[in-house]
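Below: the structure, in structure tokens.
The values are calculated or read from the model by the stated rules, or taken from the named source; none is laboratory data. As the structure is a prediction and not an experimental result, all values here were calculated from the model. Here the Cβ positions follow ideal geometry from the backbone for every residue, glycine too, while neighbour counts run over all protein chains shown. When the accessible area is computed, the model is the full protein with side chains, heavy atoms only, and any ligands, DNA or RNA have been set aside. Shrake-Rupley method; radii C 1.70, N 1.55, O 1.52, S 1.80 Å.
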Amino acid sequence: MGFNLQPYGIQSMLKEGHRHLSGVEEAVCKNIEACKELSDITRTSLGPNGRNKLVINHLDKQFITNDAGTIVSELEIQHPAAKILVLAGKAQQKEIGDGANLTISFAGELLRGAEELIRMGLHPSEIITGYTKGINETIKILGELVEEGSDKMDVRNKDEVISRMKAAVASKQFGQEDMLCNLIADACIQVCPYNPVNFNVDNVRVAKLVGGGLHNSTVVRGMVLKSDAVGSIKRVEKSKASYSSCFHCLFMSTTVLDYLIVHLQVAVFVQGVDTSATETKGTVLIHSAEQLENYSKTEEARVEELIKAVAESGAKVIVSGGAVGDMALHFCERYKLMVLKISSKFELRRFCRTTGAVALLKLSQPNPNDLGHVDSVSVEEIGGTRVTIVRNEEGGNSLTTVVLRGSTDSILDDLERAVDDGAMCKDSRTIPGAAATEIELARRLKEFSFKETGLDQYAIAKFAESFEMVPRTLAENAGLDAMQIISSLYSEHSSGNTRVGIDLEEGACKDVSALSIWDLHVTKFFALKYAADAVCTVLRVDQIIMAKQAGGPRRDAAAAAGAGMEED
């Protein structure tokens, strides 16, 4: 005889197949364990000597990088608590462009310290209170460590711009930061508006061409399209128009021949360069060969009329957002018009922004105000790839392209990330780099913890101790003795040398001002803030309740079934 027991408690509320975890051991510690595993993955990629990770995503695309933002994006983290750290890292990457690794690694170190405090008997609420006090004091100390005079910067001084972005670029491409910073600084200065606050990162584009090396990379004022021109005309440049000027004086009158530079005019059509279809369908009855010939001539004459109207407007280049018809191309060749095809609507918008052109819907005669202006349009072969270069040298251009060269696609992708991170450096305030700031924060926060009387002083002490993760990781990744480096840093900072950091090349502690190693204040500020907020969010969780997953075949199960069929 069986007993039919009715579900009780939370089992009676949720569907069959749910999962419920509660308590310190099941919920809090397991969340901390998942976050620690994630931070251990990214921590070894921290700093200039950070190790690369080879990540293969669900589409079998391969990534070889030490960029934490890319790593956590492609790993497809499933654990709900670890996802909070991923979101914090993505927020840092989107807001600042650099410091995602510091955010995730520091959050993991804070949770490691929180786990030890929980084992000692502290309640998560007391740890959260201590960590909140710790991050508030950290922000206050960070403001005091800002280098005097760094808040004022001439955005058109190349050396000052390079000094701000050097740390962000060196963390991705150590040893090549000087060459890369020169390229990025040139590109940023060229597109910097009169008011630097209105600087748009999207105006610094990157074109990746396989072949050559980084020393072959250049900066182009304008756009680089990775496509060939349509037709036989491959190069058009601005021309000189002559005009005569008469000068009269008391004894003589002379006529001087001067030259006026005439810029190339560009017409942009969104729907393509071809005969437009009618809105309604109709049937044409043709009774003789003569009628067929007249019908073809009428269509041909209409296309020629449209192309001739564009040529008479002064345009020398036609840019099409759609297909280019054979008949239209024939007449473009006859009237010496260069034809480009840009399929991407986003690239078409950037082209219009670069040239000042207005995109027209249909093929028609453009107004003079609708035409764009460029210096030259040419098709060149770079590393076996034919590209179209649209140059606009003499001001007015709002877009610059950094042409990157490298031996493989993965190297080019990593270089592109370094360029993006360097271009996103906006705040000019700097603080000492090379772990000098972290050691100073750890030392002063420990002194602050001694002034607290409650149990949260232990959490503040752990918060201070977590900063040692940065110099320890930098030393370990460079093959140095981490304990000796940390003790030397503490000794120097206790003596008042707050700018002493790690010289990774010589393996010693030196003044970072002599080495010109500076970090941006805004990068550290947001990285530590996001990390502390994510940790407090994880520690506030005391239960994990997961509903039953929706039906349908799962991807891993389908992949396993497919593998089994291949074996059969």
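For the range 62-73, the condition of being more than 16 Å from the chain's Cα centre (by Cα), surrounded by fewer than 24 Cβ atoms within 10 Å (Cβ to Cβ) and outside the structural domain of Glu416 (by the TED database) holds for at least one residue.
Scanning the range 322-349 for residues being at pLDDT 85 or above, open to solvent by less than 20 Å² (accessible area, probe 1.4 Å) and in a loop (DSSP other than H, G, I, E, B) gives a total of 2. Scanning the range 198-214 for residues being at positive phi and open to solvent by less than 40 Å² (accessible area, probe 1.4 Å) gives a total of 1.
Within the range 461-479, not a single residue is of a type in the set (S, T, N, Q), outside the structural domain of Tyr131 (by the TED database) and not in a loop (DSSP other than H, G, I, E, B). Is it the case that the range 196-214 has a residue that's in a helix (DSSP H, G or I) and within 22 Å of Pro48 (Cβ to Cβ)? Scanning the range 196-214, I find at least one residue that is in a helix (DSSP H, G or I) and within 22 Å of Pro48 (Cβ to Cβ), so the answer is yes. Taken over the range 109-127, the criterion of being of a type in the set (A, V, I, L, M, F, W, C) and closer than 17 Å to Phe467 by Cα is satisfied by Leu110, Leu111, Ala114, Leu117, Ile127.
For the range 215-239, filtered to residues that are in a strand (DSSP E or B) and open to solvent by 60 Å² or more (accessible area, probe 1.4 Å), the residue that is farthest from Glu347 (Cα to Cα) is Ser239.
With respect to the stated conditions, Lys316 fails to be charged (D, E, K, R) and either surrounded by fewer than 22 Cβ atoms within 10 Å (Cβ to Cβ) or assigned by the TED database to the domain that holds Lys90 (or both).
For Gly496, the conditions (1) more than 31 Å from the chain's Cα centre (by Cα); (2) at positive phi; (3) open to solvent by less than 10 Å² (accessible area, probe 1.4 Å) all hold with the exception of (3). In the range 36-57, of all residues being closer than 22 Å to Thr408 by Cβ and in a loop (DSSP other than H, G, I, E, B), the one that is most open to solvent (accessible area, probe 1.4 Å) corresponds to Arg51. Could you run through the range 193-242 and say how many residues are within 14 Å of Leu183 (Cβ to Cβ) and polar (S, T, N, Q)? The total comes to 3. Here Gly99 meets each of (1) within 15 Å of the chain's Cα centre (by Cα); (2) open to solvent by 50 Å² or more (accessible area, probe 1.4 Å); (3) at positive phi with one exception, condition (2).
Across the range 275-294, not a single residue is classified as assigned to a strand (DSSP E or B), of a type in the set (Ser, Thr, Tyr), open to solvent by 70 Å² or more (accessible area, probe 1.4 Å) and at pLDDT below 75.
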